[in-house]
Amino acid sequence: MQNITVLGSTGSIGKSTLDVVARHPERFSVFALSANSSHESLFAQCVKFRPRHAVMLDPEAAEILSKRLLEAGIETEVDCGVRALEKIASHPDVHTVMAAIVGAAGMPPALAAARAGKRILLANKETLVMTGELFMTAVKEHDATILPIDSEHNAIFQALPQHYSGDPDSSGVRRILLTASGGPFRARDKATLANVTPEEACKHPNWSMGRKISVDSATMMNKGLEVIEAHWLFGADADRIRVVVHPESIIHSMVEYVDGSILAQLGNPDMRTPIAHALGYPERIESGVGSLDLFSVAKLHFEEPDFDRFPCLRLAFHALRAAGAAPTVLNAANEVAVQCFLEGKMRFTDIPVMIEAALEGIQAGRPDDFDAALEIDRQARLFAQNWLSGNS
Ligand code: NAD
Ligand code: MG
């Protein structure tokens with residue numbers, strides 16, 4: 001029996017994870033669940049999965065949850081705050097941690113899991129963008145395992161040799177072909193992008209996801225973050241990673257080898273496939289996802305990414321090449337920008353403008369430790385807020 005902690009269990013990835021887990025009661029037992037403040041959803045999940053622990057970031061929400069569970073006669077222990085998240089991610093009884101909190105907030109508990117040598121199912125790409133080198137070092141030092149959940153990275157993982165060394169050359173890997181749907185504005189006229197609404201930006205053509213990643217997909221920053229994620233997961237430098245726009249989202253990514261072979265992973269766009277792959281790894285387990293109907297798909301299309309219409313993608317490649325503090329700044333400024341856009345305080349087209357200003361404005365070196373990375377993150381958020389006050 002595998003004991004699992006799901007960080008961010010009420011979110012899109014969290015729910016899909018529990019959907020897969022529920023299909024295999026003989027294999028998985030839910031040790032802990034967690035959410036930011038949505039106590040209603042977490043209560044319902046506690047009733048269904050009876051975890052030993054439930055953690056809410058928000059203390060008031062935790063109090064409500066605790067009261068309701070007590071009334072319902074459910075023995076789940078409720079706690080709150082970041083330390084409590086770290087505890088359920090590193091508890092000795094936990095085997096597997098699904099890291100599905102959104103944003104930089106997901107880093108501290110993911111790090112706690114790494115330091116405790118856990119098997120980490122990593123959905124929270126922001127951890128790798130913000131602190132890629134430090135996080136991967138912690139994973140190695142503590143003998144933790146990362147299984148990628150992001151559909152592209154999971155596809156790449158599946159297309160790489162089973163015991164991939166982490167060095168593309170020694171495995172005969174020529175390039176990583178990272179597919180991108182292009183998001184809801186793929187074919188939209190650049191001149192109209194300034195006026196798009198949060199609702200339009202969150203309406204993804206193929207995937208149903210949380211609001212932050214939906215906006216990231218609309219700006220294509222999501223693909224930019226994924227380029228950086230691929231760099232850290234697979235040891236590929238920026239020149240070896242090629243973004244391929246593929247509007248159908250059927251091929252989830254590809255690996256090209258030096259002999260000219262390209263291996264791809266295909267499937268319906270449903271996150272339960274990569275989640276089940278990682279949960280069961282190295283075995284294959286049922287995910288609830290149906291067969292891909294190739295005859296109804298019939299055609300697949302591929303396009304070059306448009307760096308002019310989607311400057312966020314260009315900025316992410318730039319940050320990866322610049323290294324140092326740049327990816328941390330990129331991630332933090334993007335989070336502030338997306339939040340402001342969702343709250344109607346910023347235009348869609350100002351998102352990259354603000355991020356670029358932050359990348360130019362913050363003169364910090366490469367973070368030597370996690371505290372230094374958190375300090376850069378704090379500075380970038382402050383810069384972004386000030387930029388907004390000066391430009392609105
Ligand atoms: P979501 O917004 O649907 O869910 C986020 C979860 O995190 C919720 O349970 C929420 O309560 C919790 N949370 C939010 N802020 C928190 C905080 N400060 N502290 C503790 N918990 C907090 O997001 P999502 O779409 O499920 O995405 C989660 C992560 O997975 C993101 O990093 C995203 O980039 C990545 N991801 C998502 C998808 C997808 O299809 N949704 C695909 C690939 C990768
Ligand atoms: Mg993805």
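Rolling a 1.4 angstrom probe over the protein heavy atoms, how many square angstrom per residue are accessible across the chain?
Accessible surface, normalised per residue, equals 43 Å².
How much of the DSSP beta bridge set in the chain is antiparallel, as a percent to the nearest 5?
25 percent
Is it possible to state the helix-based mean residue ellipticity at 222 nm for the chain, with each DSSP H run of 4+ residues giving -39500 (n - 2.57), the sum divided by total residues, to the nearest 500 deg cm²/dmol? What is it?
Result for the chain, helices only: -14000 deg cm²/dmol.
Using the Cα centre of the range 324-392 as the reference point, and only Cβ charges (+1 on K/R, -1 on D/E), how large is the resulting charge dipole? Debye, rounded to the nearest 20.
My answer is approximately 260 debye.
VAL30's amide H: which non-local residues (gap 5+, or another chain) put their own amide H closer than 5 Å, with H modeled 1.01 Å from N in plane and none for Pro or chain starts?
ILE4
Taking a cut-off of 37 Å, what percent of all Cα-Cα pairs in the chain are separated by more than that?
The answer is 18 percent, as a whole percent.
Can you list residues whose amide H is under 5 Å from GLY166's amide H, if they're 5+ apart or on another chain and H is modeled 1.01 Å from N?
none
My understanding is that a pair violates if its Cα-Cα distance is over 28 Å; which of LYS87/LYS125; LYS190/LYS223; LYS48/LYS203; LYS125/LYS345; LYS140/LYS223; LYS15/LYS203 do that in this structure?
Listed pairs above 28 Å: LYS48/LYS203.
Over what distance in Å are the Cα centres of the range 327-360 and the range 2-66 separated?
Measuring centre to centre over Cα atoms gives 31 Å.
Projected onto the charge dipole of the range 2-148 (+1 at Lys/Arg Cβ, -1 at Asp/Glu Cβ, origin at the Cα centre), which of LEU69, VAL55, HIS24 gives the Cα projection farthest towards the positive end?
It is HIS24, whose Cα lies furthest towards the positive end.
Please report the carbon-and-sulfur percent of the accessible area for the chain; probe 1.4 Å, protein heavy atoms only, DNA, RNA and ligands left out.
50 percent
Once Lys and Arg get +1 and Asp and Glu get -1 on their Cβ, which of PRO92, PRO108, THR179 lies farthest toward the positive end of the dipole of the range 76-184?
Farthest towards the positive pole: THR179.
How many angstrom lie between the C-alpha centres of the range 249-275 and the range 165-211?
Result: 15 Å between the Cα centres.
If you plug each phi of the range 218-230 into the Karplus form 6.51 cos²θ - 1.76 cosθ + 1.60 with θ = phi - 60°, what whole-Hz ³J(HN,Hα) values come out, in order, with x for Gly and Pro?
Working through the residues one at a time gives 5, 7, 6, 4, 3, 5, x, 4, 5, 4, 5, 4, 5 Hz.
Find out how many positive minus negative residues lie around THR10, taking Lys and Arg as positive, Asp and Glu as negative, among other residues whose Cβ is under 15 Å from that of THR10.
Within the 15 Å Cβ shell, the charges total +2.
Charges at C-beta only: +1 for Lys and Arg, -1 for Asp and Glu. How large is the resulting dipole of the range 1-95 about its Cα centre, in Debye rounded to 20?
About 280 debye.
Restricting attention to the range 1-73, which GluC sites (Glu not before Pro) occupy a DSSP loop and are surrounded by at most 15 other Cβ atoms within 10 Å?
When the GluC sites (Glu not before Pro) of the range 1-73 are filtered for loop state and at most 15 Cβ neighbours within 10 Å, GLU26 remain.
Starting from the Cα coordinates of the range 324-392, work out the convex hull volume and express it per residue in Å³.
Residue-normalised Cα hull volume stands at 67 Å³.
Express the C-alpha Rg of the range 259-392 as a ratio against the empirical globular expectation 2.2 N^0.38 Å, rounded to two decimals.
Normalised Rg, Cα atoms only: 1.41.
Tell me, what are the semi-axes, in whole angstrom and largest first, of the equivalent ellipsoid of the range 166-261 as set by the roots of 5 times the Cα gyration tensor eigenvalues?
After diagonalising the Cα gyration tensor, the semi-axes are 29, 13, 11 Å.
Please list, in order along the range 289-304, the HN-Hα scalar couplings obtained from phi with the Karplus expression 6.51 cos²θ - 1.76 cosθ + 1.60 (θ = phi - 60°), rounded to whole Hz, x for Gly and Pro.
8, x, 5, 6, 8, 5, 6, 7, 5, 6, 10, 10, 10, 9, 9, 6
To two decimal places, what compactness ratio does the range 214-277 give when its Cα radius of gyration is scaled by 2.2 N^0.38 Å?
The range 214-277 yields a ratio of 1.20.
Pairwise over distinct Cα atoms, reciprocal of the mean inverse distance: report the Kirkwood radius of the range 197-330 in Å, one decimal place.
Computed over the range 197-330, the radius equals 16.7 Å.
If amide hydrogens are placed 1.01 Å from N in the peptide plane, which non-local residues have theirs closer than 5 Å to the one on ILE146?
ILE120
Dividing the alpha-carbon radius of gyration of the range 17-116 by 2.2 N^0.38 Å (N being the number of residues), what value is obtained?
1.02
Please give the net charge around ASN391, taking every other residue with its beta carbon less than 12 angstrom from that of ASN391, where Lys and Arg add +1 and Asp and Glu add -1.
Cβ neighbours under 12 Å give a net charge of +1.
Per-residue counts of other Cβ atoms within 10 Å, averaged by peptide: what ranking do you get for 74-85, 42-53, 271-282, 191-202, highest first?
Ranking the peptides 74-85, 42-53, 271-282, 191-202 by packing returns 271-282, 42-53, 74-85, 191-202.
To the nearest 0.05, how large is the calculated FRET efficiency for ARG378 and THR197 if R₀ is 45 Å and r is the Cβ-Cβ distance?
Result of the calculation: an efficiency of 0.90.
Give me the net charge of ARG284's neighbourhood, meaning all other residues with Cβ under 14 Å from the Cβ of ARG284; Lys, Arg count +1, Asp, Glu -1.
Charge balance in the 14 Å sphere: +1.
Determine the dipole magnitude for the chain: charges of +1 sit on the beta-carbon of Lys and Arg, -1 on that of Asp and Glu, nothing else is charged, the reference point is the Cα centre, and the result goes in debye to the nearest 20.
Roughly 460 debye, rounded to the nearest 20.
The values are calculated or read from the model by the stated rules, or taken from the named source; none is laboratory data. These numbers were taken from a predicted model, which means no experiment stands behind them. Using ideal geometry, Cβ is built from the backbone for each residue, glycine included, and neighbour counts are taken over all protein chains shown. Note: accessible area is taken over every heavy atom of the protein model, side chains too, but ligands, DNA and RNA are not part of it. Shrake-Rupley method; radii C 1.70, N 1.55, O 1.52, S 1.80 Å.
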